[in-house]
1. Which residues, counting only those in the range 76-92, are in contact with a strand residue (DSSP E or B) (Cβ under 7 Å, 6 or more places away or on another chain) and either free of Cβ contacts under 8 Å to residues at least 60 places away in the same chain or farther than 16 Å from Asp192 by Cβ (or both)?
2. In contact (Cβ under 8 Å) with a residue 60 or more places away in the chain and either part of a strand (DSSP E or B) or small (Gly, Ala, Ser) (or both): is that true of Glu150 in this structure?
3. Anything in the range 153-175 that is surrounded by fewer than 12 Cβ atoms within 10 Å (Cβ to Cβ), under 30 Å from the mean Cα position of the chain (by Cα) and not in a loop (DSSP other than H, G, I, E, B)? List them, or say none.
4. Please work out which one of (1) under 21 Å from the mean Cα position of the chain (by Cα); (2) over 26 Å from Ala385 (Cα atoms) is the condition Cys179 fails and give its number.
5. So which residues in the range 368-389 are among the aliphatic types (A, V, I, L, M), in a helix (DSSP H, G or I) and farther than 14 Å from Ala204 by Cβ, if there are any at all?
6. Mind telling me which of the residues Val62, Val76 ends up being in contact with a His (Cβ under 7 Å, 6 or more places away or on another chain), of a type in the set (A, V, I, L, M, F, W, C) and either assigned by TED's automatic domain parsing to the domain that holds His145 or under 21 Å from Leu381 (Cβ atoms) (or both)?
7. I'm trying to understand the selection: among the residues of the range 117-129, which are part of a helix (DSSP H, G or I) and surrounded by fewer than 16 Cβ atoms within 10 Å (Cβ to Cβ)?
Amino acid sequence: MAKGRNLAVGIDVGTHQIKVLVTELEPAEFQSEEKGKGVGFNTPRIIASATVETKGMRHGYVTNVTELSKCIRTAVNIAEKNSGIPIKKAYVSIGGVGLGAIIAVGSVVTTKADSEITDLDVKRAIEESEKELPSTYILNRKIIHSIPLEYKVDGRKVLGRPQGLKGVKLEARVLYITCLAHHFTDLLSAFDDANVEMRDIVAAPIAASLISLTKTQKIAGCILLNIGSETSSIIVYENNIPVSMEVFPVGSNDITNDIALGLKVSIEEADQIKMSVSSDANTIASASASLPTFSKKKLDEIIIARLSDIFDLVENHLKKIDRNGLLPAGIILTGGGSGLLNIEELAREALRLPSKRHTLKLEGNLKGIAREFEWSVAYGLTILAFSSPDDRGGINLDGLSAVGAFKKLKKLIGGWVKQFLP
């Protein structure tokens, strides 16, 4: 990275594409009635971007480390060329069907003689909650985020931080976001082979929420639906905290496949037809005259049927967590599949919630960025790079310690192997 510049790199490792964003946070003067004239910061400005087709992944998990590593290196090389800045470190997303979330509760007896709750007590309560995770669940999984949802002191719910209160028993209710351990290790290996150091690894729904949701929406209660190529992910917020997350093995590629079967066209033609149906157009208008003729009514039926399947999965999850029809800020749509015509209306009817498509407004060098809303994860990663712990809604970036542990283990194994080499 260039010295003296406040730079960050976000790499969104998607099943369809790897997206790289290089951003810079520049100081800006501001005028405040309370503080007078001062210096703050604008949102990160894009210096360069790069996009490469992903190989070596399926449904968000790694199938070939070598192929994926080559794709990462290619994307980084393009971003370096476009920015003129060497890229050695980056914030990286992890997604796909291997992501999961589970809630656990842990409790401890306070340590101080006067029963005042300290930071140590809070830490111990969270550690105890981790021990309560079912062994059948946590086996073969890695914790990448731990998010305290609620504290209780002597059975009574705490409003805000528990530190400083007095009580005998402290209870912590924590949301753990996890991923499959072998996918985690394979992704780290791919970046290691590509000579790119991970500053941290972040669940893709978390990264997308940092830029796609406002604080007002997160406090009131909302759900973010990111429709990717092979998967769709949701994350639910209340009181500015993520309370649930889920990934479904269905995405916009399934719509393409449905169109191909329903209209009896090739996959390539089906994809062109799907791309021609966007929220920015009132009618289907294909740029290619070679596309076969088809019934608009039948196309609408095909698309609506698959989107209805996705919304049914979302509704079932909201029922499971007792939030169906109860999120005032509604559903916010993002990702490549969110550009389909009338998707907001369909979501509103299916989920009985306010609905809107997130429109991402990027600033800086937008060369190579066609549809801005597809970059919410990559841009969210760079937002995270510049944020303080207080701005993350209680999200602990435990992925960083996991990355460090992996590197130590790899170094240890490497040293052990070398002693047997001639």
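1. Those that are in contact with a strand residue (DSSP E or B) (Cβ under 7 Å, 6 or more places away or on another chain) and either free of Cβ contacts under 8 Å to residues at least 60 places away in the same chain or farther than 16 Å from Asp192 by Cβ (or both): Ile78, Ala79, Asn82, Ser83, Ile85.
2. Values: in contact (Cβ under 8 Å) with a residue 60 or more places away in the chain: no; either part of a strand (DSSP E or B) or small (Gly, Ala, Ser) (or both): yes.
Answer is no for this residue.
3. Lys157
4. All conditions pass for Cys179, except number (2).
5. Ala385
6. Result: Val62 is the single residue among Val62, Val76 that is in contact with a His (Cβ under 7 Å, 6 or more places away or on another chain), of a type in the set (A, V, I, L, M, F, W, C) and either assigned by TED's automatic domain parsing to the domain that holds His145 or under 21 Å from Leu381 (Cβ atoms) (or both).
7. Of everything in the range 117-129, those that are part of a helix (DSSP H, G or I) and surrounded by fewer than 16 Cβ atoms within 10 Å (Cβ to Cβ) turn out to be Asp119, Leu120, Lys123, Glu127.
Residue by residue, here is whether (1) among the small types (Gly, Ala, Ser); (2) at pLDDT 95 or above; (3) buried (at least 22 other Cβ atoms within 10 Å of the Cβ); (4) within 21 Å of the chain's Cα centre (by Cα) holds:
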| site | (1), (2), (3), (4) |
| --- | --- |
| Ile11 | no, yes, yes, yes |
| Pro44 | no, no, yes, yes |
| Gly60 | yes, no, yes, yes |
| Lys89 | no, no, no, yes |
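The values are calculated or read from the model by the stated rules, or taken from the named source; none is laboratory data. Since this is a predicted model, take the numbers as computed values, not measurements. Positions of Cβ are backbone-derived with ideal geometry, glycine not excepted, and every protein chain shown enters the neighbour counts.
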